[in-house]
Amino acid sequence: MMDLFHRAVMASSRLHPGRETVSAFVYLAPALILFAVFTFWPFLRAVQLSFFLVDRNTFEPALWFGFGYYLRAFNLGETALGDDWIRSIATTFQFTLMVVPFTLASALALALLAVSKVKGIGVFRTIYTSSLAISLASAGVIWSLIYSPNLKIFETILTDARTALPAVALMTVWTNLGFSFILLLAGLQAIPKDLWESAKIDGAGSWRTFWHLTLPLVSPTLLFLLITGTIGCFQAFTQFKVLIDSVGPDQSTNVLVYALFTAFWAENNYGFASALSVILFGLLLLLSLAQYRLDTRVHYQ
Amino acid sequence: MKKALLYLFLTLAALAVLFPLLFSLSLALQGETVSPRILPDFTRLDFTVFAQVFAKEPLMGRWIFNSWVVSISVTAGVLLVSVLAAYPLALFRFRGQTFVLFLFLSTLMIPWESTILPNYLTIALWGWKDSYQALIVPFLASGFGIFLLRQAFKTVPAELHEAAVMEGCGRSRFLWAILVPLTKPALATLGIWAFLNTWNQYYWPLLVIDNPVWRTTQVGITAFRSTEIASYNLPMAATLIVLAPTVLVLFAGQKQLVEGLTAGAVKG
């Protein structure tokens with residue numbers, strides 16, 4: 001198989017040594033085909049299905065539904081039978097606002113601690129990185145037992161509408177900590193030593209050094225973590241499935257991807273699920289554009 | 001004095017970060033109990049629990065095997081597809097190059113969750129439910145992988161490539177004999193990244209696998225938890241067994257992964 005592939009490449013470049021185009025596309029073919037089948041086609045198909053009532057058995061679009069599902073997702077139109085779908089979008093934002101700032105702050109604190117060069121610091125660095133190896137599903141199982149009522153530490157944390165979302169957020173912060181920590185530590189280590197020293201000589205206090213020297217210099221890393229963290233929160237599903245496995249007390253943990261899962265899996269409402277997935281795409285696109293604009297303003301060394 | 005304070009803070013932070021893991025180890029070793037405590041009775045630790053997991057859930061071994069098969073296949077496939085696609089993007093000049101670059105870039109913008117429904121329907125239509133290929137094939141092309149390797153390949157001067165091709169070195173020979181050995185660190189980074197990501201997948205295997213035999217570990221342990229709801233030691237032990245390979249991969253490849261990832265993130 002590989003051999004045949006190589007011969008095709010060789011032949012194509014020997015025939016027209018000046019024309020790189022043919023051989024380029026031979027190399028690109030596997031990626032292009034895979035993306036066409038598993039990314040582009042399904043995405044366009046989701047956009048199409050979001051405008052139709054979809055047949056549950058053949059998965060084919062059956063009846064034009066216009067923007068009906070989109071109106072429903074934003075609580076507009078006459079189909080909102082007490083459903084509160086816009087709340088899913090709001091809950092997703094709420095979840096992101098709980099997770100991302102807390103992750104960045106605690107990872108930066110850990111990185112500032114671990115940047116000092118003392119004996120045995122390697123052990124501490126490894127410990128702080130450890131959650132990078134722990135999957136959301138495993139973390140979910142561990143935390144579901146920490147939160148378990150039988151343990152009498154947090155008896156009602158997952159069943160109380162006020163605490164359920166923060167509880168899932170706390171578990172998510174823990175899972176994200178390793179990745180954020182290791183990147184921030186690398187960012188801190190990249191700051192030239194003489195900069196710290198000249199700040200010390202100038203008599204800048206440690207608080208001032210932090211605000212005026214350290215923070216601006218790690219801001220590109222912080223921005224990167226802000227973007228990846230936000231995208232991760234908008235796509236969050238696993239922790240909600242494992243910890244809550246429902247829309248949560250008083251619907252308080254029904255984030256967008258969980259609502260999508262329910263519409264798709266439990267209700268077989270393929271059109272509505274598709275509309276939710278297009279909305280997810282739109283929200284992430286808007287966020288990326290906003291953050292791209294922010295990116296051009298952040299200080300680069 | 002100042003040093004002692006630093007160590008105090010370092011230790012407190014370490015305990016906070018490790019708490020969930022230490023706690024799960026503590027629960028796993030307490031034996032079967034309906035009212036577990038935070039710290040176990042150290043005189044009566046029950047290490048047989050790890051063996052009990054395999055006795056209680058005969059499919060556990062199969063799930064671990066499935067996860068290895070799928071993770072290694074995806075890792076190898078992602079490396080191959082990314083190497084092939086990154087090569088012309090980095091070192092050729094061809095018609096439509098900008099367009100292809102734009103296409104690959106746009107795959108980074110489309111979240112996997114937005115395509116999950118039609119992808120599920122495709123897999124169902126092809127009769128691929130409950131199979132390895134359902135867990136492997138959709139993940140073989142990775143926009144992240146292609147861009148990571150394109151950056152790495154670009155560090156090789158284009159003149160070297162042109163000269164080699166002019167001298168009669170075939171393109172594929174240049175790729176496998178020169179380019180790939182020169183960029184091993186980037187390949188290793190991508191490999192570790194792909195392995196960890198695949199091993200930790202949950203949503204997709206949950207959808208396309210009905211028959212427990214084809215489950216991967218991540219879905220397996222959560223199923224295990226719900227069937228063993230009364231006891232704590234078995235689900236915790238099962239979770240720790242599943243964690244072991246990724247922790248090992250991370251510790252073995254930590255430096256590599258960090259260097260590769262930070263090269264992209266810190267330099268912006």
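With +1 on each Lys and Arg Cβ and -1 on each Asp and Glu Cβ, how big is the dipole of chain B about its Cα centre, in debye rounded to the nearest 20? Walk me through the numbers on the way to the answer.
Working: 18 positive and 12 negative charges, 125 e Å.
Its charge dipole is roughly 600 debye.
Would you please classify the overall shape of the range B:52-265 from the alpha carbon gyration tensor, given that a ≥ b ≥ c denote the square roots of the eigenvalues, rounded means a/c under 1.5, and beyond that prolate means a/b larger than b/c while oblate covers the rest? Prolate, because a/c is 1.5 or more and a/b exceeds b/c.
I'd like to compare B:192-203, B:27-38: which one has the highest average count of other Cβ atoms within 10 Å, and what's the full order after that?
Top of the packing list down: B:192-203, B:27-38.
Every helix of 4 or more DSSP H residues in chain A counts as -39500 (n - 2.57), and over all residues that averages to -20500 deg cm²/dmol at 222 nm. Averaged over the residues of peptide A:40-49, the number of Cβ atoms from other protein chains lying within 10 Å of each residue's Cβ is 5.
Mean projected area of the Cα convex hull of the range B:1-158, taken over all directions, amounts to 18.0 nm². For a test of the definition: using alpha carbon positions, the gyration tensor, and the 1.5 limit on a/c, classify the range A:66-183 as rounded, prolate or oblate. Prolate, because a/c is 1.5 or more and a/b exceeds b/c. Placing +1 on the Cβ of every Lys and Arg and -1 on the Cβ of every Asp and Glu, with no other charges, gives the protein assembly as shown a dipole of roughly 1460 debye about its Cα centre. Extents of the protein assembly as shown, largest first, come to 76, 72, 51 Å (Cα atoms, principal axes, whole angstrom). Take each residue of peptide B:167-175, count the partner chain Cβ atoms within 10 Å of its Cβ, and average: the result is 4. Remark: chain A carries a charge dipole of roughly 920 debye about the Cα centre, counting +1 on each Lys and Arg Cβ and -1 on each Asp and Glu Cβ. Selection among A:129, A:62, A:90 by position relative to the dipole of the range A:45-130 gives A:129 as farthest towards the positive end (Cβ unit charges, Cα centre). Placing unit charges on each Cβ (+1 for Lys and Arg, -1 for Asp and Glu) gives the range A:86-295 a dipole about its Cα centre, and among A:235, A:105, A:144 the Cα reaching farthest toward its positive end belongs to A:105. Think of the range A:175-301 as a dipole: +1 on every Lys or Arg Cβ, -1 on every Asp or Glu Cβ, centred on the Cα centre; then among A:283, A:189, A:272, A:189 lies furthest on the positive end.
Put the Cα centre of the range A:109-181 next to the Cα centre of the range B:161-239 and the gap is 24 Å. In chain B, the DSSP-assigned H stretches of four residues or longer account for a calculated mean residue ellipticity at 222 nm of -23000 deg cm²/dmol, using -39500 (n - 2.57) per stretch and the full residue count as denominator.
Stokes-Einstein diffusion for the range B:126-232 at 20 °C, viscosity 1.002 mPa s, with a Kirkwood radius from C-alpha pairs, works out to 125 µm²/s.
Spatially close Lys pairs in chain B, defined by Cα atoms under 21 Å apart and a spacing of eight or more places or different chains, total 5.
By its C-alpha gyration tensor, with a ≥ b ≥ c as the square roots of the eigenvalues, how is chain A shaped: rounded for a/c under 1.5, else prolate for a/b larger than b/c, else oblate? Here chain A falls in the oblate category. Take each residue in B:36-43, count the other chain C-beta atoms within 10 Å of its C-beta, and the mean is 1.
FYI, it's all coordinate maths here, none of it is from the lab. All values reported here derive from a predicted model rather than from experimental measurement. All Cβ positions, glycine included, derive from the backbone under ideal geometry; neighbour counts span all protein chains shown.
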